[in-house]
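What follows is a single structure, written as structure tokens, with notes after it.
The values are calculated or read from the model by the stated rules, or taken from the named source; none is laboratory data. Every value quoted in this text rests on a predicted model; they were computed, and no experiment measured them. Cβ placement follows ideal geometry from the backbone for every residue including glycine, while neighbour counts extend to all protein chains displayed. These accessible areas exclude ligands, DNA and RNA; they are computed on the full protein's heavy atoms, side chains included. Shrake-Rupley method; radii C 1.70, N 1.55, O 1.52, S 1.80 Å.
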Amino acid sequence: MITEARTILGIETSCDDTAAAVVVEGKLRSNVVASQQATHLRYGGVVPELASRDHQRRIVPVVRQALQEAGLTPRDLDAVAVTYGPGLVGSLLVGLSFAKAFALGLGRPLIGVNHLEGHIYSVFIEPPSPPFPYLCLIVSGGHTQLMRVDEGFRHTLLGRTRDDAAGEAFDKVARLLGLGYPGGPEIDRLARQGDPNFVAFPRPRLEGYDFSFSGLKTAVRYYLDQFSEAERARLLAQHRADLCASFQQAVVDVLIDALRRAIQDTGLRHVAIVGGVSANSALRAAAQALAEELDVRLYIPPLAYCMDNAAMIAITGYFKARAGLESPLTLAAVPALTV
């Protein structure tokens, strides 16, 4: 029975990292990630066709390494969990096709995992973990959502971005500032040396808990466009760190403002921040200060589990197995999947 599954292989190939992990009795035994960053660096972003080809080359050795590090053989597995969306369709198909074949060959159940659910449950990879219900802010390159998470895989969407995700805005502004890929970590690094009050970029506040970052990105562009090419070159040479700090502070203020209102309105005392942008040092510091101010418990995964990884897919698969949630072998990739 799927509810008795205790040893779960997790596979993640939603974008440009090929990852596999093993969870046994809810404890992480291995977590392997093969990054494609060097492949896409020259293009300033992920090239979907190159990503899917790289996944094809890496998926077998990555899974093999995850099993070896866990000290297990394929026959020791009770189920195979895999991301089926959202993400790049070619990348998703590589992982999903492999997982289906692997599960079928072993005679084991297949568990489809929503990538966003993986982020939501990434706070259970290592203790401490929140009790249900908890408030969860998902901030990544493709998504910015505020969720109420209840036991039994019940999720209530409280707010979402109406345009760009926070991580997407980071990457686009990084390109405007002449920074490399990925842009988020570069902005974070430089912002530590800059003045967040150098430019007063807008802080959009929408009705409810929704977000908007497109206008903020555009404000950075308009600010730079007011200078001639020579003046802009001098500005970036002298104040790139200040511009990074000013933009980053605007993003953080918008996120923290919505989170503050949601905490006060819902009364929830346990709060998680997950996704790639949760690795941002300014966001972490601001969230911790907010948690202390409002006397709530804050949960942010270790840096290794903020970015795309298979540990979060395996742990989510483990919880899904306990809930009796199995997927058919006809499960399709859903690039635009939502929670």
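Observations
- Subset of region 44-77 that is touching a helix residue (DSSP H, G or I) at 6+ places or on another chain (Cβ under 8 Å) and not in a helix (DSSP H, G or I) - its residue that is surrounded by the fewest Cβ atoms within 10 Å (Cβ to Cβ): THR73
- Residue count for region 216-245, restricted to those that are without any contact (Cβ under 8 Å) to a residue 40 or more places away in the chain and within 25 Å of THR144 (Cβ to Cβ): 4
- Scanning region 172-202 for residues that are in contact with a Leu (Cβ under 8 Å, 6 or more places away or on another chain) and open to solvent by 40 Å² or more (accessible area, probe 1.4 Å) yields a total of 7.
- Number of positions in region 199-238 that are more than 19 Å from ILE256 (Cβ to Cβ) and touching a Gly at 6+ places or on another chain (Cβ under 8 Å): 1
- Selected residue [within 22 Å of the chain's Cα centre (by Cα) and at positive phi] from GLY10, GLY87, GLY71: GLY87
- Subset of region 15-31 (residues that are assigned to a strand (DSSP E or B) and either basic (Lys, Arg) or over 28 Å from ALA336 (Cβ atoms) (or both)): VAL22, VAL24, LYS27, LEU28, ARG29, SER30
- Residue list for region 124-137, restricted to those being farther than 12 Å from PHE319 by Cβ and of a type outside the set (Ser, Thr, Tyr): GLU126, PRO127, PRO128, PRO130, PRO131, PRO133, LEU135, CYS136, LEU137
- Filter pass, LEU224 being open to solvent by less than 50 Å² (accessible area, probe 1.4 Å), at pLDDT below 95 and not β-branched (Val, Ile, Thr): no
- Inside region 149-171, residues that are surrounded by fewer than 19 Cβ atoms within 10 Å (Cβ to Cβ) and in a helix (DSSP H, G or I) make up a count of 0.
- Of all the numbered requirements in (1) open to solvent by less than 10 Å² (accessible area, probe 1.4 Å); (2) out of contact with any strand residue (DSSP E or B) (no Cβ under 7 Å at 6 or more places or on another chain); (3) assigned to a loop (DSSP other than H, G, I, E, B), GLY141 misses one, and that requirement is (1).
- If the condition is being assigned to a loop (DSSP other than H, G, I, E, B), open to solvent by 30 Å² or more (accessible area, probe 1.4 Å) and in contact with a helix residue (DSSP H, G or I) (Cβ under 9 Å, 6 or more places away or on another chain), then region 303-329 contributes MET307, ASP308, ALA323, GLY324, LEU325, GLU326, LEU329.
- Taken over region 281-302, the residue count meeting the criterion of being in contact (Cβ under 8 Å) with a residue 60 or more places away in the chain, open to solvent by 10 Å² or more (accessible area, probe 1.4 Å) and assigned to a loop (DSSP other than H, G, I, E, B) is 2.
- Failed criterion for GLN249 (all others in (1) within 15 Å of LEU146 (Cβ to Cβ); (2) free of Cβ contacts under 8 Å to residues at least 60 places away in the same chain hold): (1)
- Failed condition for ARG269, given (1) over 24 Å from GLU293 (Cα atoms); (2) open to solvent by 60 Å² or more (accessible area, probe 1.4 Å); (3) in contact with an Asp or Glu (Cβ under 8 Å, 6 or more places away or on another chain); (4) not hydroxyl-bearing (Ser, Thr, Tyr): (1)
- Test: SER35 is open to solvent by less than 50 Å² (accessible area, probe 1.4 Å), among the hydroxyl-bearing types (Ser, Thr, Tyr) and free of Cβ contacts under 8 Å to residues at least 60 places away in the same chain: no
- Output for region 29-63, where each listed residue is of a type outside the set (Gly, Ala, Ser), under 13 Å from ALA19 (Cβ atoms) and at pLDDT 90 or above: ASN31, VAL32, VAL33, ASP54, HIS55, ARG58, ILE59, PRO61, VAL62, VAL63
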